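Single-structure report; data block below.
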Amino acid sequence: PTETPVREVEITSGYPTRIQGAFDFGGALDNDGKVLYRLNGMLRDADTQVGYVKDKRFYIAPSLTWKATPDTTFTLLTSYQQIRAGSTDQWLPADGTLKSTPFGKISPGFFSGEPGFDKYNKNQAMVGYAFEHKLNDKLAFRQNARFSEITTDYRALISELGWATDAAGNPDYTRLQRYAFSSREHAHTFAIDNQLEYKMSHGIVDQTLLAGVDYQTSGFNTQLGFDTDVPTINPFDPAYGYSIASPAIYSSTYQKLRQLGVYLQDQIKIGRAHV
């Protein structure tokens with residue numbers, strides 16, 4: 001949040017099909033300037049250089065500052081982001097990209113996956129605050145905290161296995177091998193930091209003492225899937241519409257972290273005496 005008024009709106013477009021709007025507003029909500037706000041946002045709907053792969057994004061971040069007294073300030077910070085997209089990493093072989101084949105080269109816009117299967121969905125949310133209270137001219141207390149959560153759902157048909165071969169072992173440039181991969185992830189984090197700051201001066205010496213305690217806890221859960229029972233695809237005449245089952249989970253992991261920290265800092269500046 002800012003005392004200076006902010007009014008900005010942006011619209012952009014591009015190729016391939018791409019439209020994006022964004023805004024940034026901020027300023028005071030009251031005549032005394034004790035309550036300040038800031039609101040940022042963005043919305044995108046776009047294609048990519050790869051067929052069937054979209055890039056859709058939504059983001060918004062409201063924040064609010066309350067100056068309760070000249071010595072006490074509280075700022076609330078929030079944000080939310082949503083992504084609906086796919087993977088532009090197509091993992092194509094050298095024959096057909098760097099080198100030509102009897103059918104020529106693979107189009108740069110070729111999509112090696114399946115439109116009804118491939119996806120990359122992500123949701124991310126955060127809420128936190130920053131609090132400061134000056135006990136006097138020399139001593140101040142601050143507390144900052146944040147909770148965040150992220151979920152990701154990704155799956156794709158990946159063609160890094162290269163070309164299938166015929167009975168004689170020669171590459172069959174009409175059959176590009178693929179496998180199915182999936183990844184589901186969920187993570188959450190909470191962090192808080194408490195600190196005391198003390199300032200003092202001794203002639204030409206300015207000294208700032210900072211002491212604090214911080215704590216954080218986080219959890220991360222991931223499930224990975226894999227399956228090779230996937231039809232091949234002809235990159236020079238691709239056919240889509242296959243029904244691909246979600247790959248079987250081969251790895252499921254949960255990790256948890258807790259951390260406690262204590263810190264002390266002494267900053268000394270030596271210069272001219274104060275007038």
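The values are calculated or read from the model by the stated rules, or taken from the named source; none is laboratory data. Quick caveat, the model's predicted, so the values are computed rather than measured. Every residue, glycine as well, gets a Cβ built from its backbone with ideal geometry; the counts of neighbours run over all protein chains shown. Quick note on the areas: whole protein, heavy atoms, side chains included, nothing else; ligands and nucleic acids left out. Shrake-Rupley method; radii C 1.70, N 1.55, O 1.52, S 1.80 Å.
Return the only residue of Ile83, Ile106 being in a strand (DSSP E or B), more than 24 Å from Arg142 (Cβ to Cβ) and open to solvent by less than 50 Å² (accessible area, probe 1.4 Å). Just a single option satisfies the conditions, and that option is Ile83.
Here Gly271 meets each of (1) closer than 26 Å to Thr165 by Cα; (2) at pLDDT below 95; (3) out of contact with any Gly (no Cβ under 8 Å at 6 or more places or on another chain) with one exception, condition (1).
Asp95 satisfies every condition listed in (1) open to solvent by 70 Å² or more (accessible area, probe 1.4 Å); (2) over 28 Å from the mean Cα position of the chain (by Cα); (3) of a type in the set (Asp, Glu) except (1).
Taking the criterion of being closer than 22 Å to Thr65 by Cβ and open to solvent by 50 Å² or more (accessible area, probe 1.4 Å), no residue of the stretch 116-125 qualifies.
Looking across the stretch 109-123, the residues that are part of a loop (DSSP other than H, G, I, E, B) and within 23 Å of the chain's Cα centre (by Cα) come down to Phe117, Asp118.
With a requirement of 3 or more residues that are open to solvent by less than 30 Å² (accessible area, probe 1.4 Å) and at pLDDT 95 or above, the strands (runs of 3 or more DSSP E) lying completely within the stretch 1-63 that satisfy it span 18-28, 35-47. Scanning the stretch 203-226 for residues that are modelled with pLDDT under 95 and either within 32 Å of the chain's Cα centre (by Cα) or aliphatic (A, V, I, L, M) (or both) returns Ile204, Val205. Contact annotation: residue pairs with Cβ atoms under 9 Å, 6 or more positions apart or on different chains, pairing a residue in the stretch 94-106 that is closer than 16 Å to Ile233 by Cα and free of Cβ contacts under 8 Å to residues at least 40 places away in the same chain with a partner that is open to solvent by 80 Å² or more (accessible area, probe 1.4 Å) and not in a loop (DSSP other than H, G, I, E, B), are Lys105/Lys99. Figure legend. Inter-residue proximity from the stretch 1-26: first residues more than 18 Å from Leu77 (Cβ to Cβ) and touching a residue at least 24 places away in the same chain (Cβ under 8 Å), second residues open to solvent by 90 Å² or more (accessible area, probe 1.4 Å) and among the hydroxyl-bearing types (Ser, Thr, Tyr), beta-carbon distance below 6 Å, spacing 6+ or different chains. Indicated pairs: Ile19/Ser13.
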